[in-house]
1. For Phe108, what is the net charge nearby, where nearby means another residue's Cβ is under 10 Å from its Cβ and Lys, Arg count +1, Asp, Glu -1?
2. I'd like the orientation of helix 122-131 relative to the chain: the angle between its Cα long axis and the longest Cα principal axis, in ° from 0 to 90, rounded to 10.
3. Do me a favour and compute the ellipsoid semi-axes for the chain from its Cα gyration tensor, root of five times each eigenvalue, largest one first, whole Å.
4. Using +1 on the beta carbon of Lys and Arg, -1 on that of Asp and Glu, and nothing else charged, what's the dipole of segment 1-124 about the Cα centre, debye to 20?
5. Excluding Gln118 itself, what net charge comes from residues whose Cβ is under 10 Å from its Cβ, given Lys and Arg +1 and Asp and Glu -1?
6. Give the ranking of Tyr52, Tyr75 by solvent-accessible surface, highest area first, calculated with a 1.4 Å probe.
7. Taking only Cα atoms, what is the 0 to 90° angle, nearest 10, from helix 176-186's long axis to the longest principal axis of the chain?
8. Cross-link candidates for Lys64: which lysines have Cα within less than 27 Å, leaving aside residues fewer than 8 places away along the same chain?
Amino acid sequence: MSKQELKIGEQSKPRFEFRTFGQDFEAARFRMARLSVPVPEKVWERQSAEIYILSRTNDINNTKIRDGKMDIKTYVQTVDGLEQWNPLMKGEFPMQREMLEKEVIPAFQVEMTLPDQQAFTLDEFIALVNAHPELQAVDVVKQRFGYMVNNTICEFGYVLINGAKVCTINSESTEVEDIKKTLADTGLQGVENINYLQAIKRVIGMIRKPLAN
């Protein structure tokens, strides 16, 4: 069976991903850019401002909010050090109480009692999050540069996590072997795989552990 050809910005079957965070990936970024095939202009550079919801009791559900829309992905498995995540839910603010109680709060793996109202604006929801002892809303600003190497979707990015600037670099594909070849070609073999949840928790001090460099 032939491999699926990936296209940046389009949906595919669930992908595997290598991602890491640190202060300096310039050598790997240089090789990634030189090895990349041409990519659509819309992914040359992208910027976004997002809110991640971090829970001290959860490391398997990744919740972010962008442009008033919530997106939750859930961890599936790790294969050869590469993580696979699947969509868990999508929602939009104002958000109904039922969706928060049945889909969102369970993803945080905490107990939370909502005020007596049927819908919640984004600001009301963030206030509830920040008032909870196990939860924290974190502002994340991304500047991302897209590439395509060995039929894997790649990016290098500058990320502000509550204003703290770090770098990230990644490769993702439906094919594990293609990612492994890309890591070898860009000099990223042996670098710790750190997802957004783990990176943000390390930066804000929820986990006492350094980034990759």
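The values are calculated or read from the model by the stated rules, or taken from the named source; none is laboratory data. Since this is a predicted model, take the numbers as computed values, not measurements. Virtual Cβ from ideal backbone geometry, glycine too; neighbours counted across all protein chains shown. Surface accessibility is based on the protein's heavy atoms, side chains included, excluding ligands, DNA and RNA. Shrake-Rupley method; radii C 1.70, N 1.55, O 1.52, S 1.80 Å.
1. Counting the neighbours of Phe108, the net charge comes to -1.
2. 80
3. 31, 18, 16
4. So the dipole magnitude of segment 1-124 works out to roughly 640 debye.
5. Result for the local shell: -1.
6. Tyr75, Tyr52
7. For 176-186 against the chain, the angle is about 70 degrees.
8. Within the straight-line cut-off, Lys64 pairs with Lys7, Lys13, Lys42, Lys73, Lys90, Lys102, Lys142, Lys165, Lys201, Lys209.
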